[in-house]
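What follows is a single structure, written as structure tokens, with notes after it.
Any read-out appearing in this document is the output of simple, stated calculations on the displayed coordinates, not a laboratory observation. This structure is a prediction, so every number in the text was calculated from the model and none was measured. Glycine gets a Cβ as well: all are built from the backbone with ideal geometry, and neighbour counts include every protein chain shown.
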Amino acid sequence: MTNGPGLEAHIEKCRALFGAAFPGEDETFDRICRQVRAGRAFIELSQDGKSFAVLQPVRDLHVWTVGGDMAGVMELEATISASAAKKGFDRMTALPSRENWDRALRARGWVTARAPLAKELNE
């Protein structure tokens, strides 16, 4: 999504979801917004618009953070994994998080690499 009114509307919708998932973390979301506006990160929403994933395309596609319900986040994991593989990413990474998320991700092919969780996309 390019900068403009569409991006700003998307950011504001995501701000509400982020605030519900991480109360009091407005400064963190402001950092995310700066990265999104600069094109260095983006935010994907689940189909129902109730869950989100903040992504950074670095060497790998890094999942900065997620929020929402488990079903929505698992939907995002599947669609983002497929899209990332098609775009040429070899791997996705995520820092360890709440134990339930990590457990659910391991069941989907994610493994613990030294610090972040990682998922090979081209196996």
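The helix-only estimate of mean residue ellipticity at 222 nm for the chain, built from DSSP H runs of length n ≥ 4 each weighted as -39500 (n - 2.57), is -14000 deg cm²/dmol after division by the residue total.
Charge dipole of region 5-120 (Cα centre as origin; +1 on each Lys and Arg Cβ, -1 on each Asp and Glu Cβ, all else neutral): 400 debye, rounded to the nearest 20. Amide H contacts under 5 Å for H62: Q56, T93, restricted to partners 5 or more places along the chain or on a different chain, H placed in the peptide plane at 1.01 Å from N.
Between region 61-85 and region 23-58, how many Å separate their Cα centres? That distance is 12 Å.
For region 7-85, the spread of Cα coordinates along the three principal axes comes to 32, 27, 20 Å, biggest extent given first. Counting only alpha carbon atoms, the long axis of helix 26-37 and the longest principal axis of the chain meet at about 80°.
Most simply put, region 5-120 has about 85% antiparallel DSSP beta bridges, counting only bridges with both residues inside it. Considering only alpha-carbon pairs that sit under 8 angstrom and 6 or more positions apart, the relative contact order computed for the chain is 17 percent. Count Lys and Arg as plus one, Asp and Glu as minus one, and take only other residues whose Cβ is under 13 Å from that of H10; the net charge is then 0. Rounded to the nearest 10 degrees, the inclination of helix 70-86 to the longest alpha-carbon principal axis of the chain is 80 degrees.
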